[in-house]
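Peer 1: Structure incoming, see below.
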Amino acid sequence: MNALRAEFRKVLTTKLALWLLAFSVAFTALNVLLMVYLVPTSARMVNSGQLLQIPAYVNSIVASCANASVFVLIIGIIGMTGEYRHMTITATFLASPRRAPVMVAKAVTYAVIGAIFGIINFAVSLGLATITLAGKEHAAIVPSESLQTLGGVILGFAIYAILGVAVGSLIRNQVAALIIALVFVFLIQPLLSAFVDWTTAWLPGGALDAVMNMTYRQGEATSGLLTAWAGGLLLIGYAVVLGVIASITTLKRDIT
Amino acid sequence: MTGNSVALEVRSLTKVFGRGEGVRAVSDLSFRVEPGRVTGFLGPNGSGKTTTLRCLLGLVSPTSGDTLVGGHPYRELHDPLHTVGAALEASGFHPGRTARGHLSVVAASAGIARARVTEVLELVGLAEAGNRKVGGYSLGMRQRLSLATALLGDPSVLILDEPANGLDPEGIAWLRNFLRSLAAEGRTVLVSSHVLSEVQLTVDDVVIIRKGELVSYGSLSSLSSGMNATVIVRSPDSIRLAESIGQQASVTVTTDTTGALLVTGMSAAEIGALAFAQNVMLHELHAQEHDLEAVFLELTSSEGGAA
Ligand SMILES: Nc1ncnc2c1ncn2[C@@H]1O[C@H](COP(=O)(O)OP(=O)(O)O)[C@@H](O)[C@H]1O
Ligand SMILES: [Mg+2]
């Protein structure tokens, strides 16, 4: 319990979380505005009015807060690598020499923070979508679909934060960890999806889209996504595997 | 402090970093640190002091041997921060956190009340600066914050790694009195340093290592007693006196450039008695103070000095 309180206090005594929350909200807003007012280049044969008639597309506008998941990944990475970068890990392990509970406390803390980020970003995308669509002719925002998105964003963002912590404890160099994670999210994952179709559903991004009901990207329905339940389980699987590897290496590591 | 006295024990500790040959940082090191005394842990840079302390604190796993705090490995302590307070070299602070924020995080991790944070800030003289970000702190202020962190749990044992680094002379004097008073309360105090003179006036006992191996271990006074003291003698009749001193067994006499005799192997009292018996007038007779720093340098120099 003490370890958990300490982890929360760590987050609350720096400004990082607030900055990242602000960036994530701005990014979500941008996503909604683009989806409502513009049509992606790849889908120029249709116009935005037509896209807005498609129920799945409208629900994806609400779910577009999924794209803010990268900020949650970043907060997990910075939170963990920051301990090594500033050598506060020494104080952490002096206070709690049994390291496993520390890792659990960190995972729980960042999962909660991820979930909070998720809820706020969902509120922004739902609110902004409702406002901007008001004057237009559009398919309805279906409450039950939005509810699924809400559940998905809570689970998905919690998992992404844990993944960030795990990546950060495996790659302790902050810059390296951030670069590797961002290269994966923005370069490797899209490349794999583009060239090896079936990977889309099984990559973390595809699993997050599935659980969040984010079925439209670049103006086209994503093909072959898992069901929401399967996507959620897959995400949990990623977190468990990566988390266990990260914990085991951290338990043995010399802190010098 | 919980009231009980807690000794530290290092038993046949060996630590090799890396695979294969690796870096042998500590080699078959054994010593005990007693409560109620200040123990200096001395050795040149890279001799393995920080590694030993990190092993003692459960941060580094020994290759072989073990380390005990009050008879238990650190990792098995029930309430570590109330037992041991440590300020280690290269343990750090988040630059964006205030001193108060940093301490409140550590306090939370050990279930320590926030009021104690204010107390330790005042204790180390950071009451004013406590709400400023640590990023703007000087090295001396960071040392004080490290010390405050170590004191948070009012521990029975204090382990400080090079605490005098970055302190001004006034700070060093303050630290000396502070550590003496902690030991006087019955606490165990272990202070590392790479310069003996920095802690010479503070410590009761010394543990000296070189290249990870023990070279000397005991009270500070025993460190010097093994060395031959030099007695300086001035006399208007120094030639006759030197002759009679030179006749004594296992005594050496040399003359320095000012004409004074430097005698080893005889005490000042013995020389005085000899001069009296010979009717030689003396102008000066005194035993030279031990130059502990020289002793230390000799013990830890790379060529020699294994005790
Ligand atoms: N994590 C590490 N990996 C490899 N070598 C290390 C590590 N930490 C310390 N060393 C080496 O161990 C030796 C002892 O270092 P240290 O304990 O820091 O000495 P001191 O504190 O006395 O200056 C040095 O040669 C140092 O380079
Ligand atoms: Mg050191």
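The values are calculated or read from the model by the stated rules, or taken from the named source; none is laboratory data. In this text, all values refer to a predicted model and were calculated from it rather than measured experimentally. Positions of Cβ are backbone-derived with ideal geometry, glycine not excepted, and every protein chain shown enters the neighbour counts. Heavy atoms of the whole protein, side chains included, go into the accessibility calculation; ligands, DNA and RNA do not. Shrake-Rupley method; radii C 1.70, N 1.55, O 1.52, S 1.80 Å.
Peer 1: Residues that are away from ligand 2 (no atom under 16 Å from the Cβ) and under 30 Å from A:SER96 (Cα atoms): does the stretch A:223-232 have at least one?
Peer 2: no
Peer 1: Going by what's in this entry, would B:SER30 be described as open to solvent by less than 30 Å² (accessible area, probe 1.4 Å), away from chain A (no Cβ under 12 Å) and within 18 Å of the chain's Cα centre (by Cα)?
Peer 2: no
Peer 1: Can you name the residue in the stretch B:59-79 that is among the aliphatic types (A, V, I, L, M) and either near ligand 1 (Cβ under 9 Å from one of its atoms) or in a loop (DSSP other than H, G, I, E, B) (or both) and, of all such residues, is nearest to B:LEU214 (Cα to Cα)?
Peer 2: Within the stretch B:59-79, the subset among the aliphatic types (A, V, I, L, M) is B:59-60, B:68-69, B:77.
From what's left, either near ligand 1 (Cβ under 9 Å from one of its atoms) or in a loop (DSSP other than H, G, I, E, B) (or both): B:59-60, B:77.
Details: B:LEU59: 21, B:VAL60: 19, B:LEU77: 27 Å.
Result: B:VAL60.
Peer 1: Still on this structure, please answer the following. Would you point out which residue out of A:LEU126, A:LEU155, A:LEU163, A:LEU147 is more than 14 Å from every other protein chain (Cβ to nearest Cβ), open to solvent by less than 20 Å² (accessible area, probe 1.4 Å) and over 22 Å from B:PHE93 (Cβ atoms)?
Peer 2: A:LEU163
Peer 1: Ok, one more. Look through the stretch B:152-172, keep the residues that are in a helix (DSSP H, G or I) and either open to solvent by 40 Å² or more (accessible area, probe 1.4 Å) or under 19 Å from B:PHE41 (Cβ atoms) (or both), and return whichever of them is nearest to ligand 1 (Cβ to nearest atom).
Peer 2: In this case the residue turns out to be B:ILE172.
Peer 1: Give me the residue from the stretch B:33-58 that is away from chain A (no Cβ under 14 Å) and within 12 Å of ligand 1 (Cβ to nearest atom) and, out of that set, most open to solvent (accessible area, probe 1.4 Å).
Peer 2: Checking each candidate, the answer is B:ASN45.
Peer 1: Considering A:ILE113, A:ILE119, which residue is in contact (Cβ under 8 Å) with a residue 40 or more places away in the chain, open to solvent by 10 Å² or more (accessible area, probe 1.4 Å), within 24 Å of the chain's Cα centre (by Cα) and under 19 Å from A:LEU18 (Cβ atoms)?
Peer 2: A:ILE113
Peer 1: Being under 30 Å from B:GLY85 (Cβ atoms), open to solvent by 10 Å² or more (accessible area, probe 1.4 Å) and modelled with pLDDT of 95 or more narrows it down to one residue among A:PHE23, A:PHE8; which is it?
Peer 2: After ruling out the rest, the residue left standing is A:PHE8.
Peer 1: Tell me, please, whether a residue that is at pLDDT below 95, open to solvent by 40 Å² or more (accessible area, probe 1.4 Å) and either within 13 Å of ligand 1 (Cβ to nearest atom) or away from every other protein chain (no Cβ under 13 Å) (or both) can be found in the stretch B:91-107.
Peer 2: No, the stretch B:91-107 has no match at all.
Peer 1: I would also like to ask the following. Go through the stretch B:186-244 and report how many residues are within 23 Å of B:HIS283 (Cβ to Cβ), out of contact with any strand residue (DSSP E or B) (no Cβ under 7 Å at 6 or more places or on another chain) and assigned to a loop (DSSP other than H, G, I, E, B).
Peer 2: Qualifying residue count, the stretch B:186-244: 3.
Peer 1: For the stretch B:7-20, how many residues are surrounded by fewer than 11 Cβ atoms within 10 Å (Cβ to Cβ) and within 12 Å of ligand 1 (Cβ to nearest atom)?
Peer 2: Of the residues in the stretch B:7-20, 2 are surrounded by fewer than 11 Cβ atoms within 10 Å (Cβ to Cβ) and within 12 Å of ligand 1 (Cβ to nearest atom).
Peer 1: Can you name every residue in the stretch A:54-103 that is under 15 Å from A:ILE162 (Cβ atoms), away from every other protein chain (no Cβ under 14 Å) and open to solvent by 20 Å² or more (accessible area, probe 1.4 Å)?
Peer 2: Hits for the stretch A:54-103 are A:PHE71, A:ILE74.
Peer 1: When you go through B:LEU214, B:LEU201, B:LEU196 one by one, which is the residue that is surrounded by 21 or more Cβ atoms within 10 Å (Cβ to Cβ) and in the same structural domain as B:LEU103 (by TED's automatic domain parsing)? Steps first, please.
Peer 2: Numbers: B:LEU214 fails: surrounded by 21 or more Cβ atoms within 10 Å (Cβ to Cβ); B:LEU201 fails: surrounded by 21 or more Cβ atoms within 10 Å (Cβ to Cβ).
Matching residue, one of B:LEU214, B:LEU201, B:LEU196: B:LEU196.
Peer 1: Spot the failing condition for A:ILE245; the list is (1) farther than 30 Å from A:PHE93 by Cα; (2) open to solvent by 30 Å² or more (accessible area, probe 1.4 Å), and only one is missed.
Peer 2: Result: A:ILE245 fails condition (1) only.
Peer 1: In the stretch B:62-81, how many are facing chain A (nearest Cβ under 8 Å) and in contact (Cβ under 8 Å) with a residue 24 or more places away in the chain?
Peer 2: Qualifying residue count for the region: 2.
Peer 1: A further question on this structure: B:ASN4 versus (1) modelled with pLDDT of 95 or more; (2) away from ligand 1 (no atom under 15 Å from the Cβ); (3) surrounded by fewer than 21 Cβ atoms within 10 Å (Cβ to Cβ): which is the lone unmet condition?
Peer 2: Every condition holds for B:ASN4 apart from (1).
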